[in-house]
Every structure is written in structure tokens, then in C-alpha cells.
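Working notes for the structure below.
Nothing in this text is a laboratory measurement; each read-out follows from the coordinates by a stated rule. Predicted model, so just to flag it, every value in this text is computed and none were measured. Using ideal geometry, Cβ is built from the backbone for each residue, glycine included, and neighbour counts are taken over all protein chains shown.
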Amino acid sequence: MNVPSTRRPPHARRVRRSALAAALTAVLLAGAACSSKSEGSPGADGADGVRTGPGVSAGVIRLGALTDLSGPYATLGKSIVQAQQLWADETNADGGICGRDIRITVKDHGYDVQKAVSAYADLSTNVVALPQVVGSPVVAALLDDLQRDHMLTFPQAWSAALLGKDAVQVVGTTYDVDMLAAVDYLTRAKKLGKGDTLGHVYFEGDYGANALEGSTWAAERAGMKVVGQKVKATDTDLSAQVTALRKEGVKALLISAGPAQTASLAGVAAARGLKVPIVSSAPGFAPQLLKTPAAKALEGMLHVVGAAPAVSADIPGVKRMVAAYGKKYPGAVVDSGVLSGYNAAQLMGADLKKACRKGSLDRADVVAAHRTQKNLDTGLGTPQDFSDKALPASLKTYVLKPDPDAVGGLVNEEDAHEAPDVRAYLASRH
């Protein structure tokens, strides 16, 4: 019985070798193209030539959010989460980043530091960066971990104590810079003058302490005195504080606390005849306040300072965001958290794209790419300079005022500008 030979004839072997050589050449050419795309990053381990790390796979970039959905800033946290999910959906519909879809994992800490620390431990092993962490105390507790893990983090907190860290980025101005702008506004508006006393109600902790640092420096430079009143997040009746400040003869009030405290301060002050200007840090206002008994007092007495414009501003990027948010979340309140969250997500996306172009989505390389950004403009406010970790990303502040008919309850009173003493102040701190 003759068994057919399994050996290929010589010409067949030559054809197969030629095919293999052609395939190998194609693979090498494709590899060269990927290497060129990723700027020749050595040791790239992704199929597309881009190095990966925790939170990044061949098809997905995973981001994390540590937020407050059940505590004093629950309304703000919800707005930020929804805004960043809007950005992720838009980004994915447009092809993603570096050929990968964006996924955001959200953890609620309820403004409890211990819960936040535990949540970070669960989250940190499988995300590349955090475009949202709500709360100065939370960020302060996580600073060492964020630095150790090279976890690029955009806090929804603006204390100057968070500056100086490679991996942690305060977006916009810090609380002290905002309070310099507040004192400058009150002085230019002839609502304060040399020799006057200025009251400042502030939260205990980094938020309030940093804001008080700015107001005290600015007041002293202008020949005025600051009288401080420290409060807790659980203090929602500021009658005692108003009584004390009235006895001091204050001509204006600053508040660096939450919306509940701002409403109480304005309402009690108006009821007791202390009808003086009030300027709040941005976290101290929410549009829902204009539906409370304090609404009339707020409309007549309050201004808000911060790095972001009002969501009602006639700025093309802001208008597009408001329209898209309203379409995705019909009936949802469009507040400052929406703008803050969406802006932070846009900035994070720009960092990830730059890191991809440089050939690596490893955490440390994402941080390095972030620190090369010197004039990053999302069209949602002022450009950001992230190149000097010791300085705020922006020195320009908006002045806003309440308007119950406006989207978000605020309108721009003054466009972004730099208070004249800001650079002198920062020089005195370094």
C-alpha cells in the first residue's frame, strides 16, 4: 500500500517562505508606524506601541472619582459626576482617547475621610487617574498615597496647601487668591475703605484657613482689619456669629463655607439690620438657595468669586456644555459643579491625549505629560498653566452675582481678571 508523502515539494516550501517573509515585513512596517505615532517610546508594551499601566488596557482607559453623593456637598457631587460622565460619553462617541474608551468608576465617601481612604484603596489598583476628588480634608488625607502612586488627581478643592505636588493639580485659583480678589472688588466698589473692619466666616480646616490667609493679607495691605468667625459644616444657624460681627462694626462680610452657611449668614444679617455686602467663595453658593427664605437677602447682598464663569455666561464653550448637559439630564439643575466637573474632565482628556502622543499611558508618564501643559484652554474659562506645581494654575478671578432668572442662578458681574496684589502676595509666600 502506497502512503502519500506529507512533505511539500520544493516549490511549495519556497512559496511558503516568501509568504512568511512578506508577513514579517508587514508586521515590522506596522510596528515602525506605531513607534512613530508614539514618538518612539522605548519599551512600549501595548499592541499599538503605547506603554500601559494600571487602569489601561488595549481597549479601555479607566478613571476614578471619589465624591460626595450623600453628605453636605451631595448636590455638588452629583453635578460633577454627571458632567464628567457626559464628557466620557461624548469622548467615546468621538472615538475615545488613544483608541480606547473612557470608563469612570465612582465611589461615594459622603464627606467622611475614613470612608474616602477605604474607597481609594479599593479604587486605586485599577484606574490611571482621578479627575474628581471632592473635599479638602479628603485630598489632604490622601496626599501621600496619590504621590506614591503617581495618581494624577484634580481635586474639587482649592486650598493652597495642595500645591507643590507633582500628581495633585488644583485647577484654577486657590481660596486665598479668591479672597484677595474679593477684598479688591469691595475696595474698588467703594464698599470698604482704609480703617474699616471686615468680617470673615470660614470653615475649620484647609478650606477656611487658606481663605482667611488671603483675606487677612489683603486687608492688612489695604489698611483694614479682619475679624474671623470659624464654623463647622454642621453649623447651619449663624445667629451667634452675626451677633459677634455686628458688635465689631463690620462694613462687609466674606464667607468661605458651604451653601447652608451662606444662606444663614445672609438671612440672619438682613433680619438683624446688618445689611452689608457679602462675598462668598465659589463652594459657598448653590442655585437652590434662591428658592429658600434667604433668597431676597442673597440677591441684594451677595457676590461670588472664583476661577470659573457663571454657567449662564455668553461663552461658546459654556453654552455648548449647558445645552448638552440639559439634553442628557433633562430637568437637572445646571450649577457650578457642572462646569467645574466638565472642565476638569476636558483637562484630564487633554493630558491623556498628550501622554498617548508621547507613547505611554503609564501613570507616571501621564503626570509628566500634564506638567508640560503651559496654556491649556478648554474654552470654559481661563487658560491653565500646569508647568509650575508650586503656583495656582490661574491667577484670574471672576466676580458673579445672584440672578434667579439665570441658568445656574448666577451671572457674570466682572469677567476674569487678576487682582493687582496677587503676584506680590504669592511672592511673599515663597
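Highest GNM mean-square fluctuation among LYS291, LYS396, LYS275, for the chain modelled with Cα contacts below 10 Å: LYS291.
Relative to the current alpha-carbon distance between LYS225 and ASN126, full extension at 0.36 nm per residue lengthens the span by 30.7 nm. Summing +1 for each Lys or Arg and -1 for each Asp or Glu, what net charge is found among the other residues whose Cβ lies under 13 Å from the Cβ of ARG429? Neighbour charge sum, excluding ARG429 itself: -2. Projected label points at SER57 and GLU204, each 7 Å from Cα along the beta carbon direction, are separated by 4.5 nanometres. Mind checking the angle between helix 175-188 and the chain's longest principal axis? C-alpha axes, 0 to 90 degrees, to the nearest 10. Roughly 40 degrees between the two axes.
Based on the alpha-carbon gyration tensor of the range 283-373 and its eigenvalue square roots a ≥ b ≥ c, which shape applies: rounded if a/c is under 1.5, prolate if not and a/b is larger than b/c, or oblate?
prolate
Under the criterion of Cα pairs below 8 Å and six or more residues apart, the relative contact order for the chain equals 17 percent. Using the Cβ of THR382 as centre and a radius below 12 Å, the other residues enclosed give a net charge of -3, where K and R count +1 and D and E count -1. For the range 272-287, the Karplus equation 6.51 cos²θ - 1.76 cosθ + 1.60, evaluated at θ = phi - 60°, returns couplings of 9, x, 8, 8, 10, x, 10, 10, 10, 5, 4, x, x, 10, 9, x Hz by residue, with Gly and Pro reported as x. Holding the Cα-Cα limit at 19 Å, pick out from LYS78/LYS396; LYS296/LYS401; LYS165/LYS358; LYS251/LYS396; LYS232/LYS296; LYS247/LYS401 the pairs that are longer than that. Going by Cα-Cα distance, LYS78/LYS396; LYS165/LYS358; LYS251/LYS396; LYS232/LYS296; LYS247/LYS401 fall outside the 19 Å limit. Cut-off 20 Å, label point 7 angstrom out along Cα-to-Cβ of ALA74: give me the residues of the range 252-282 whose amide nitrogen falls inside. What the label zone holds, given the 20 Å backbone N cut-off, is 258-264. Against the longest alpha carbon principal axis of the chain, how many degrees, from 0 to 90 and to the nearest 10, is the axis of helix 10-37 turned? Approximately 20 degrees, to the nearest ten.
Considering only GLN169, PRO420, ALA157, the residue lying farthest towards the positive end of the dipole of the chain is GLN169, judged by Cα position with unit charges set on Cβ.
Go ahead and run the numbers for FRET between LYS374 and HIS430, Cβ-Cβ distance against an R0 of 25 Å, rounding to 0.05.
That pair, LYS374 with HIS430, gives E of 0.85.
Only helical runs count toward this figure. For the chain, summing -39,500 (n - 2.57) over DSSP H runs of n ≥ 4 and dividing by all residues gives -13500 deg cm²/dmol at 222 nm. Projected onto their three principal axes, the Cα atoms of the range 77-190 cover extents of 54, 34, 27 Å, largest first. The overall shape of the range 321-430 is oblate: from the C-alpha gyration tensor, with semi-axes ordered a ≥ b ≥ c, the ratio a/c is 1.5 or greater and a/b is no larger than b/c. Other residues whose C-beta falls under 11 angstrom from the C-beta of LEU186 contribute a net charge of +2, scoring Lys and Arg +1 and Asp and Glu -1. For THR378, nonlocal amide neighbours, meaning residues 5 or more places apart or on other chains whose placed amide H falls under 5 Å from its own, do not occur. Residues whose amide H falls under 5 Å from that of GLN229, counting only those 5 or more places apart or on a different chain, are HIS200, VAL201, TYR202, with hydrogens built in the peptide plane.
How would you classify the range 183-225 from its alpha-carbon gyration tensor, with a ≥ b ≥ c the square roots of the eigenvalues: rounded for a/c under 1.5, else prolate if a/b is greater than b/c, otherwise oblate? Taking the square roots of the gyration eigenvalues as a ≥ b ≥ c, the range 183-225 is prolate. Values (1) 21.6, 69; (2) 25.5, 78; (3) 26.3, 118 are given for comparison; Rg and Dmax of the Cα atoms in Å, derived from the coordinates here, is the one labelled (3). The phi torsions of the range 353-367, fed into the Karplus equation with coefficients 6.51, -1.76 and 1.60 and a -60° offset, translate into couplings of 5, 5, 4, 4, 4, 7, x, 8, 10, 5, 3, 4, 6, 5, 4 Hz, rounded to whole numbers, with Gly and Pro shown as x. Ordering THR125, THR292, THR91 from the fewest to the most neighbouring beta carbons within 10 Å gives THR125, THR292, THR91. Annotation for the range 82-142 versus the range 145-195: alpha-carbon center distance of 21 Å. Evaluating 6.51 cos²θ - 1.76 cosθ + 1.60 at θ = phi - 60° for every residue in the range 55-66, the Karplus couplings come out as x, 10, 10, 5, x, 9, 10, 9, 10, x, 9, 10 Hz, glycine and proline recorded as x. Most simply put, the chain has about 25% antiparallel DSSP beta bridges, counting only bridges with both residues inside it.
Express in nm, to one decimal, how much length is gained between VAL117 and THR105 on full extension, taking 0.36 nm for each residue of separation and deducting their alpha carbon distance.
Here the answer is 2.8 nm.
So what's the angle, to the nearest 10 degrees on a 0 to 90 scale, between helix 74-93 and the longest Cα principal axis of the chain? That helix lies at roughly 30 degrees to the long axis.
Positive-end ranking of ALA271, GLY249, THR372 along the dipole of the chain, with charges on Cβ about the Cα centre, is headed by THR372.
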